[in-house]
Amino acid sequence: MLDRHEELEHYANYAEYSKTLRTWLVAYGIGGPVLLNTNDHLLKLFNSSPLKNWIIFFFLAGVFGQVLLGFINKWCAYHMYLGTCRPNLKDTTRYKFWHYINERSWIDLTIDGLSIASFVIATVLCLVLVI
């Protein structure tokens with residue numbers, strides 16, 4: 001069984017990796033379109049491509065996934081915090097709902113995976129522009 005100190009170290013490690021991954025994914029999702037729009041040659045290729053709407057869609061979908069996940073995690077953390085500060089709230093439906101969501105790591109894994117897949121597709125479509 002983990003002691004409390006070891007548990008907090010594992011959580012801090014998880015939180016740091018989670019924050020870093022989300023930052024990189026959002027930066028990539030924003031950086032890709034910025035690169036297309038700041039290079040005249042790429043911008044001409046992009047604007048004349050029938051794939052441009054798909055490229056935009058997949059970059060936005062990846063960023064949206066990360067924003068959605070941030071929103072979900074924020075509300076989970078808020079309700080877990082409230083339950084710690086006011087233990088009587090742990091009996092409320094609202095707390096139980098967010099606690100249930102908080103315990104489902106597959107939500108994070110799924111949204112992160114979909115965001116990464118969206119960025120891979122957008123990147124491949126961008127490569128098709130220049131090849």
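For this structure, a couple of remarks:
- Residue-averaged 222 nm ellipticity for the chain, from DSSP H runs of 4+ at -39500 (n - 2.57), nearest 500: -30000 deg cm²/dmol
- J(HN,Hα) series, region 62-78, from Karplus relation 6.51 cos²θ - 1.76 cosθ + 1.60, nearest Hz, glycine and proline x: x, 5, 4, x, 6, 5, 4, 5, x, 4, 4, 5, 4, 6, 4, 4, 4
- Per residue, the accessible area of region 70-131 comes to 67 Å², computed with a 1.4 Å probe over protein heavy atoms only.
- Percent carbon-and-sulfur accessible area, the chain, ignoring ligands, DNA and RNA, probe 1.4 Å: 68
- Of TYR28, TYR14, TYR95, the one that fluctuates the most in a GNM where the chain has Cα springs shorter than 10 Å: TYR14
- The stretch between ASN88 and PHE57, if pulled fully straight at 0.36 nm per residue, gains 6.7 nm over its current Cα-Cα span.
- Backbone HN-Hα couplings from phi across region 103-114 [Karplus 6.51/-1.76/1.60, Hz, Gly and Pro as x]: 7, 9, 5, 5, 5, 4, 4, 5, 5, 4, x, 5
- Karplus (6.51, -1.76, 1.60) ³J(HN,Hα), θ = phi - 60°, over region 3-11, in Hz, Gly and Pro reported as x: 7, 4, 5, 5, 4, 5, 5, 5, 5
- Within-12-Å neighbourhood charge of SER115 [Cβ basis; K, R +1; D, E -1]: -1
- Taking the chain as the region of interest, the number of lysine pairs whose Cα atoms are within less than 20 Å, with members eight or more places apart or on different chains, is 4.
- Peptides 125-131, 69-75 ranked from most to least packed give 69-75, 125-131, packing being the mean of other C-beta atoms within 10 angstrom over each peptide's residues.
- Within the set (1) 2, 10, 15, 16, 14, 12, 9, 7, 6, 5, 3, 1, 0; (2) 2, 11, 23, 26, 24, 12, 2, 0; (3) 2, 10, 18, 21, 19, 14, 10, 5, 1, 0, the number that P(r) over Cα pairs in 5 Å bins from 0, in percent takes when calculated for this structure is listed as (1).
- Relative contact order computed over the chain (Cα-Cα under 8 Å; 6+ residues apart), in percent: 34
- Whole-angstrom gap from region 75-131 to region 11-51, using each part's C-alpha centre: 20
The values are calculated or read from the model by the stated rules, or taken from the named source; none is laboratory data. Just so it is clear, the structure is predicted and the values come from calculations on it, not from any experiment. When we count neighbours, we look across all protein chains shown, and the Cβ atoms used for this are built from the backbone with ideal geometry, even at glycine. All accessible areas refer to the heavy atoms of the entire protein, side chains included, with ligands and DNA or RNA removed. Shrake-Rupley method; radii C 1.70, N 1.55, O 1.52, S 1.80 Å.
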